[in-house]
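**Student:** This is the structure, below, for whatever I ask next.
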Amino acid sequence: MRNFTSITQLGNLEEAMAKAFEVKRNPFADQALGRNRTLLMIFFNNSLRTRLSTQKAALNLGMNVIVLDVNQGAWKLETERGVIMDGDKSEHLLEAIPVMGCYCDIIGVRSFAKFESKEDDYNEKILSQFIKYSGKPVFSMEAATRHPLQTFADMITIEEYKKKPKPKIVMSWAPHPKALPQAVPNSFAEGINMTDYEFVITHPHGYELDPKFVGNARVEYDQDKALAGADFVYAKNWSAYQDPNYGQVINKDMNWTITEEKMALTDNAWFMHCLPVRRNMIVSDDVIESPQSLVIPEAANRVVSAQTVLKEILLGL
Ligand code: CP
């Protein structure tokens, strides 16, 4: 594997899971693989889990790690070609990217959707420039349209906790005060579509995702109906994808919050969320603190997910 920007690049899912569980069983088996190799992690946006878990994964593999927060301590970067740079941006991404490539062997990039242009976001304008100009393998630490390391961790977690071969997975929209990208739900849908699980996506009208990601999922606008008999409830907010409301909050209906009453409709489902989560907007205190909540095991599996992917990239160097 050279670049990792989508869960589909894992190839055979069963084999990828087997590799992940081997990494989980024996996290320090590949210390020699990363020796004298450097990972550069570049953040255009904030992070807690991705930052710590990816760094831990690289250290487990014996790598050196450099972290750059682009908006804190680096020169402000211009991303548009043709701009007269007489403003506050001192450096262009077209020089900065190949320079960064000189200092490392692998680059991880976090760059969220900006909601200025749907076309730019869905063409992954920033991530694709790193792939084109850095000269190094690049992996996504959440880009504009996908968060594959999160999805891989989610799928590892489902594999660990499922009680039947084909569980019912319900991905439910839930309210949030701010406009959030579609990256996590897109990516989760992409991953679950690689399985033969029963998959239902539920959201209010106007929150339809890109059909490319919805795939074979059943879309159900009645959340209660969707939750009936669920084995896993994956809660997430996202902003509108469809025009003319792209990137906007068009509904804050608190009836979509995942509460004990909502979970009672399920088949004693596990509750999942990628975190960070707004309590009592997305999910009630009672549900996230319940024994059915998997939010901490999911976060722990972010190390396994990142380490499995980094190992594959290192093997390809
Ligand atoms: N789930 C996740 O990616 O968390 P962070 O934004 O804290 O990295």
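The values are calculated or read from the model by the stated rules, or taken from the named source; none is laboratory data. Since the model is a prediction, treat every value here as computed from it, not as a measurement. As a convention, Cβ positions derive from the backbone with ideal geometry for all residues, glycine included, and neighbour counts pool all protein chains shown. Just so you know, the surface numbers come from the protein's heavy atoms only, side chains and all, with ligands and any DNA or RNA stripped out. Shrake-Rupley method; radii C 1.70, N 1.55, O 1.52, S 1.80 Å.
**Student:** Output yes when any residue across segment 57-76 is away from the ligand (no atom under 16 Å from the Cβ), over 20 Å from GLN129 (Cβ atoms), part of a loop (DSSP other than H, G, I, E, B) and at pLDDT below 95, and no when none is. Explain how you work it out, then say what you get.
**Tutor:** Within segment 57-76, the subset away from the ligand (no atom under 16 Å from the Cβ) is 59-64, 66, 73-76.
Those still in the list that are over 20 Å from GLN129 (Cβ atoms) too: 59-64, 73.
In the following step, the residues that additionally are part of a loop (DSSP other than H, G, I, E, B) were identified as 61-63, 73.
Still in the running and at pLDDT below 95: 73.
Checking segment 57-76: at least one residue is away from the ligand (no atom under 16 Å from the Cβ), over 20 Å from GLN129 (Cβ atoms), part of a loop (DSSP other than H, G, I, E, B) and at pLDDT below 95.
**Student:** Does segment 158-190 hold any residues that are closer than 20 Å to ARG279 by Cβ, buried (at least 20 other Cβ atoms within 10 Å of the Cβ) and within 14 Å of the ligand (Cβ to nearest atom), and which are they?
**Tutor:** Residues satisfying the conditions are VAL184, PRO185.
The rows are residues; the columns are (1) among the aliphatic types (A, V, I, L, M); (2) in contact with a His (Cβ under 6 Å, 6 or more places away or on another chain); (3) without any contact (Cβ under 8 Å) to a residue 60 or more places away in the chain.
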| site | (1), (2), (3) |
| --- | --- |
| ILE201 | yes, no, yes |
| GLY229 | no, no, no |
| PRO244 | no, no, yes |
| ALA269 | yes, no, no |
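**Student:** Just give me the residues in segment 15-28 being over 16 Å from LEU310 (Cβ atoms) and over 20 Å from the mean Cα position of the chain (by Cα), in sequence order.
**Tutor:** Scanning segment 15-28 gives GLU15, ALA18, ARG25.
**Student:** Within segment 176-187, which residues are in contact (Cβ under 8 Å) with a residue 60 or more places away in the chain and either under 20 Å from LYS118 (Cβ atoms) or touching a Pro at 6+ places or on another chain (Cβ under 9 Å) (or both)?
**Tutor:** Across segment 176-187, the qualifying residues are HIS176, LYS178, ALA179, PRO181, GLN182, ALA183, VAL184, SER187.
**Student:** Would you check which residues across segment 293-313 are polar (S, T, N, Q) and more than 13 Å from the ligand (Cβ to nearest atom) and list them? Steps first, answer last, please.
**Tutor:** First, the residues of segment 293-313 that are polar (S, T, N, Q): 293, 301, 305, 307-308.
If the condition is that a residue be polar (S, T, N, Q) and more than 13 Å from the ligand (Cβ to nearest atom), then SER293, GLN307, THR308 are the ones that fit.
**Student:** When you look at GLU261, is it in contact with a strand residue (DSSP E or B) (Cβ under 8 Å, 6 or more places away or on another chain) and open to solvent by 10 Å² or more (accessible area, probe 1.4 Å), yes or no?
**Tutor:** In short, no.
**Student:** Which numbered condition trips up SER290, out of (1) more than 16 Å from the ligand (Cβ to nearest atom); (2) part of a loop (DSSP other than H, G, I, E, B); (3) open to solvent by 40 Å² or more (accessible area, probe 1.4 Å)?
**Tutor:** (3)
**Student:** Being at pLDDT 95 or above and open to solvent by 80 Å² or more (accessible area, probe 1.4 Å) is true for just one of ASP105, ASP121, ASP86. Which residue is that?
**Tutor:** Exactly one of ASP105, ASP121, ASP86 is at pLDDT 95 or above and open to solvent by 80 Å² or more (accessible area, probe 1.4 Å), namely ASP86.
**Student:** Ok, one more. Name every residue in segment 22-56 that is among the hydrophobic types (A, V, I, L, M, F, W, C), touching a residue at least 24 places away in the same chain (Cβ under 8 Å) and more than 13 Å from the ligand (Cβ to nearest atom), in order of residue number.
**Tutor:** Passing the criteria: VAL23, PHE28, ALA32, LEU33, LEU39, LEU40, ILE42.
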